[in-house]
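The values are calculated or read from the model by the stated rules, or taken from the named source; none is laboratory data. Owing to the predicted nature of the structure, the values given are computational and were not obtained by experimental measurement. Note: ideal-geometry Cβ built from the backbone for every residue, glycine included; neighbour counts use all protein chains shown. Ligands, DNA and RNA are excluded from the accessible area calculation, which covers all protein heavy atoms including side chains. Shrake-Rupley method; radii C 1.70, N 1.55, O 1.52, S 1.80 Å.
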Amino acid sequence: MKPDLFQAPDYYNLDDLLTEEHKLVRDSARAWVKREVSPIIEDFAQRAEFPKQIIKGLGEIGGFGPYIPEEYGGAGLDQISYGLIMQEIERGDSGVRSTSSVQSSLVMYPIWKYGNEEQRQKYLPKLATGELMGCFGLTEPDHGSNPGGMTTNFKDNGDHYLLNGAKMWISNAPFADIAVVWAKNEEGRIHGLIVERGMEGFTTPETHNKWSLRASSTGELIFDNVKVPKENLLPNKSGLGAPLGCLDSARYGIAWGAIGAAMDCYDTALRYAKERIQFDKPIAGTQLQQKKLAEMITEITKAQLLTWRLGVLKNEGKATTAQISMAKRNNVEMAIQIARDARQMLGGMGITGEYSIMRHMMNLESVVTYEGTHDIHLLITGMDITGISAFK
Ligand code: TGC
Ligand code: FAD
């Protein structure tokens, strides 16, 4: 793979809107990605393997629980810093950002928000350093966009619960130490349970043959009469709103992350176009390639503004689910379009692993599907502006 020469575009001087702390956090994540992710990621993606050696570094740059309070081992940062970290990590690879999103917003967040003090003390500090890794089990083979229909269930069995069912498409499942699992009790109410690797009847087979997110490990969670201690139930929130609350936080991070992937594709295409000579001049001097580049920087800038404003609202505790959906949907679609155009601009070289573009493009096919598909987010906006649900 080519050396990482990435230079971040900032067409509207958005740095002026950031604090010194934001810039420090962002720059250290950017330097870490250049040093630790860029040199190895293509090789791991080609081999369809998650690079476990980066876990410790991810913890050190605040990639695990950036906004979780310091008393629980988190970085205690604000939501814009969280977003900037996701942007930089996904600039390297969406699969690495996935690992960070899952650990932060889908494992640490529910333990922090819905867990009791004992659960927070037991798990959060170790999750923040990566000593413990987690995964999040919501999707089932027959319930993806409609998680409320889940059939995974648990029954009161004296001093423990008995958990049965299966989850599918679970990021980090094959190596996670713990899983935050969403299941229905005997009354059909959804609760979160912390399931630990090693519990009898709990297995996590890996999903193979993915063309997307190859450097992220995906698997199933299978529960066959798993005895889950009663103290592992998250006591402070139940109902579908509990897992959906975690998704708000993860989707917000993805909105920022997608900008990172788009920036990397744009920057690569711009550099290539200035150097690649055809018909005795750089292809960057042709109107068609300038149109692509001009549209890319316009879309990146619009996404940056949308997302920065969302970050301000999130810091004020005012960002709504529908606002987060709009940003996730817009930014991921924007990144996919940029990846496709950038790929074409590199001609044949664009399909090789010499450049990051094709990997980003394939990764983004998962990003546009997980955490709510492109269609589902459109329907969330539709429901918000009309007051009528088109889901059911
Ligand atoms: P609906 O009737 O609308 O809502 C059910 C209850 O939940 C409440 N609620 C929320 N609460 C908190 N936060 C939110 N964002 C909430 N959205 C809804 C709602 O008020 C209601 O409460 P109550 O008290 O009245 O019961 O639910 P629905 O069944 O109609 O479904 C709505 C829909 C389709 C939007 C939702 O289910 C959805 O978002 N589907 C998409 C599924 C999804 O995103 N799955 C993601 C799985 S995790 C993942 O992909 C990780 S990838 C990780 C990585 O690698 O980065
Ligand atoms: P379906 O829900 O079957 O949707 C199929 C198509 O139908 C989509 O185009 C959808 O938009 C459309 N559709 C569905 N309902 C409607 C409707 N009402 N109106 C119009 N169109 C509709 N899940 C987890 O719980 N944890 C994880 O860590 C996790 N990681 C993932 C990692 C990867 C690589 C992938 C690919 C997925 C992951 N997921 C995870 C699952 C992900 O959230 C689901 O794939 C996603 O929610 C969509 O569900 P589905 O695949 O079952 O598609």
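Computed quantities for the displayed model
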| item | result |
| --- | --- |
| Per DSSP, loop chymotrypsin sites (Phe, Trp or Tyr not before Pro) in segment 294-392 with at most 15 further Cβ within 10 Å | PHE391 |
| Rounded to 10°, Cα long-axis angle of helix 241-275 versus longest principal axis of the chain | 20 |
| Cα-based radius of gyration of segment 14-133 once divided by 2.2 N^0.38 Å, which approximates compact folds | 1.05 |
| Cα-Cα pairs of segment 1-69 separated by more than 17 Å (percent) | 55 |
| Estimated D of segment 241-386 in µm² per second, where Rh is the Kirkwood radius over Cα pairs and Stokes-Einstein applies at 10 °C, 1.306 mPa s | 99 |
| Under 15 Å from the Cα of LYS155 - aspartates and glutamates, other chains or at least 8 residues apart | GLU186, GLU187, ASP224, GLU231 |
| Where segment 12-100 is the region considered: accessible area per residue in Å², 1.4 Å probe | 39 |
| Cα-based convex hull volume of the chain per residue, rounded to whole Å³ | 135 |
| Length gained when the stretch SER145-ILE388 is fully extended (0.36 nm per residue, less Cα-Cα span) | 85.7 nm |
| Shape of segment 135-232, Cα gyration tensor, a/c cut at 1.5 | oblate |
| Heavy-atom accessible area per residue - segment 135-232, 1.4 Å, Å² | 44 |
| Within straight-line cross-link reach of LYS274, lysines at Cα separation under 23 Å, skipping those fewer than 8 residues along the same chain | LYS2, LYS34, LYS291, LYS292 |
| Rounded tilt (10° steps) of 374-386 against the dominant C-alpha axis of the chain | 80 |
| Acute angle (nearest 10 degrees) that the helix 287-315 long axis makes with the longest principal axis of the chain, alpha-carbon atoms | 40 |
| Cβ crowding within 10 Å averaged over residues, with 77-88, 135-146, 10-21, 330-341 ranked highest first | 77-88, 330-341, 135-146, 10-21 |
| Protein accessible area in the chain, 1.4 Å probe - carbon and sulfur % | 51 |
